[in-house]
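Each remark here refers to the structure printed beneath this line.
The values are calculated or read from the model by the stated rules, or taken from the named source; none is laboratory data. Everything numeric here is computed off the predicted structure, so don't read it as measured data. Every residue, glycine among them, receives a Cβ derived from its backbone with ideal geometry; neighbour counts consider all protein chains shown. The area values use the complete protein model at the heavy-atom level, side chains included, leaving out ligands, DNA and RNA. Shrake-Rupley method; radii C 1.70, N 1.55, O 1.52, S 1.80 Å.
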Amino acid sequence: MKIVSVLVILLSACTASAQTYPTKPIRLVVGFDTGGAADIIARAMSDPLSRALGRSIIVENKPGAGSSLAAAFVAKAAPDGYTIMIASQSGMIVNPLINKGVAYDTQRDFVAITQVTSSPLVVAVNPSLPVNSIRELIAEAKKNPGKLNFSTSGNGSLPHLATALFDALAGIDMVHVPYKSGGLSVQSVLAGDTHVTFATAPSVMPQVTTRARSSLIASLPGMEEAGLANYNLSIWYGFFAPAGTPRDIVKRLFDASVQALQDTRLKEVLERQGTETAASRSPEDFAAFLREEANVIARVIRETGAKFD
């Protein structure tokens, strides 16, 4: 009887906390440095999300290892809804697939809240490189095997996967130079420290990596027009909480996020960055999407023989 009483007390306490949540500011962790897509999206969403929740959203950058350091940090945070993370395929799927040493398991250590955005990746080169199209880039890389390098937002990031797949499908070999954010990666190309970058749309927009032209950047050709019909890759971002976060709190975060994504000013800001809002139907729907996405990416890596050296 005492055990039953304790369970009733605990369940009542959980219900009460969910009903009053949130009572203090919420930390939104970004796995990359300032200036990259994740940081731009998090900061753009912080105001409408704060209004939807009635509490401040504090954006905190924890860059490193393609966002896996931030993911490991959030996985160990208290599951009370006050520490959440914005992440893409980089930290939630790609890194765990190619690096068995990461300190977390996405399915075990996180609960999915909702997808928030979707956008194409784009390709940019330093002006000193004598190329003006994807076809010319492939030709230049084949003419100079192992001499061209590419920058990304980190080992195991989606841009890393994107370029590895590009190398495999095009039959070329470029050298990887990782940075701590998409912004730093793009800056390295602008400075001439690296030759090429596959980057998120908010960071740079000269060539699109979806198969067809993207409506977000309609003037730029997709990969099919460039001769790589089998190449089709876009990037999404979503919100995640530590596993064990009460379901009612996850639902509160989901509802507030969906409300924030309807904000007209937010949509305008993101559209200027080549990104569109993309809310999930439910946390469960987002979790199912993640499982399917992991299967697809694993199959693509296996079938193309993409390397992550």
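With a bin width of 10 angstrom, please list the P(r) values of the chain as percents of all Cα-Cα pairs, from the 0 bin to the one holding the largest distance.
Distribution as computed: 6, 28, 34, 19, 8, 3, 1, 0 percent.
May I ask for the angle, rounded to the nearest 10°, between helix 134-143 and the longest principal axis of the chain, with both axes built from Cα atoms and the value confined to 0 to 90°?
For 134-143 against the chain, the angle is about 60 degrees.
Among the aspartates and glutamates, select those whose C-alpha is under 15 Å from the C-alpha of Lys267, and discard any that sit fewer than 8 residues away in the same chain.
Excluding near neighbours in sequence, the set is Asp47, Glu276.
Please report the carbon-and-sulfur percent of the accessible area for the chain; probe 1.4 Å, protein heavy atoms only, DNA, RNA and ligands left out. The partial results should precede the final answer.
Working: 7190 of 13730 Å².
Answer for the chain: carbon and sulfur cover 52 percent of the accessible area.
Which value in nm describes the separation of the simple spin-label points at Asn99 and Glu284, placed 7 Å from the Cα toward the beta carbon?
Modelled inter-label distance: 3.4 nm.
Mind grabbing the accessible area of Asp263 for me, 1.4 Å probe, Å², rounded to tens?
We get 40 Å² for Asp263.
Could you pull the Rg and Dmax for segment 218-293, using just the Cα atoms, both in Å?
16.1, 48
Figure the gain on full extension for Asn230 and Thr264 (residue separation times 0.36 nm, minus the Cα-Cα span) and round it to one decimal in nm. Present the calculation step by step, with values, prior to reporting the outcome.
Working: separation 34, 0.36 × 34 = 12.24 nm, distance 3.52 nm.
Here the segment from Asn230 to Thr264 would lengthen by 8.7 nm.
Need the list of aspartates and glutamates near Lys76 for cross-linking: C-alpha distance under 13 angstrom, and skip anything on the same chain fewer than eight residues off.
Asp105, Asp109
Of all DSSP beta bridges in the chain, what percent run antiparallel (nearest 5)? Walk me through the numbers before you get to the answer.
Numbers: 20 of 35 bridges.
Percentage antiparallel, nearest 5: 55.
Are any of the pairs Lys100/Lys147; Lys143/Lys180; Lys24/Lys251; Lys62/Lys142 more than 26 Å apart by Cα-Cα distance, and if so, which?
Working: Lys100/Lys147 29 Å; Lys143/Lys180 30 Å; Lys24/Lys251 17 Å; Lys62/Lys142 37 Å.
Result: Lys100/Lys147; Lys143/Lys180; Lys62/Lys142 exceed 26 Å.
Which FRET efficiency value, to the nearest 0.05, is calculated for Asn132 and Val296 with the Förster distance at 35 angstrom and r the Cβ-Cβ distance? Don't jump to the answer; show the numbers that get you there.
On the way: r = 32 Å, r/R0 = 0.91.
It comes out at approximately 0.65.
Ignoring ligands and nucleic acids, what accessible area does Leu69 show with a 1.4 Å probe (Å², nearest 10)?
For Leu69, the solvent-accessible surface is approximately 100 Å².
Give the angle, between 0 and 90 degrees and rounded to the nearest 10, that separates the Cα long axis of helix 37-53 from the longest principal axis of the Cα atoms of the chain.
Between the helix axis and the principal axis of the chain, the angle is about 30 degrees.
If you stretched the chain out fully between Glu303 and Ser56, how much longer would it get, using 0.36 nm times the residue separation minus the C-alpha to C-alpha distance?
Working: separation 247, 0.36 × 247 = 88.92 nm, distance 4.51 nm.
Between Glu303 and Ser56, full extension yields an extra 84.4 nm.
Between the helical axis of 247-261 and the dominant principal axis of the chain, each derived from Cα atoms, what acute angle in degrees is found, rounded to the nearest 10?
Approximately 50 degrees, to the nearest ten.
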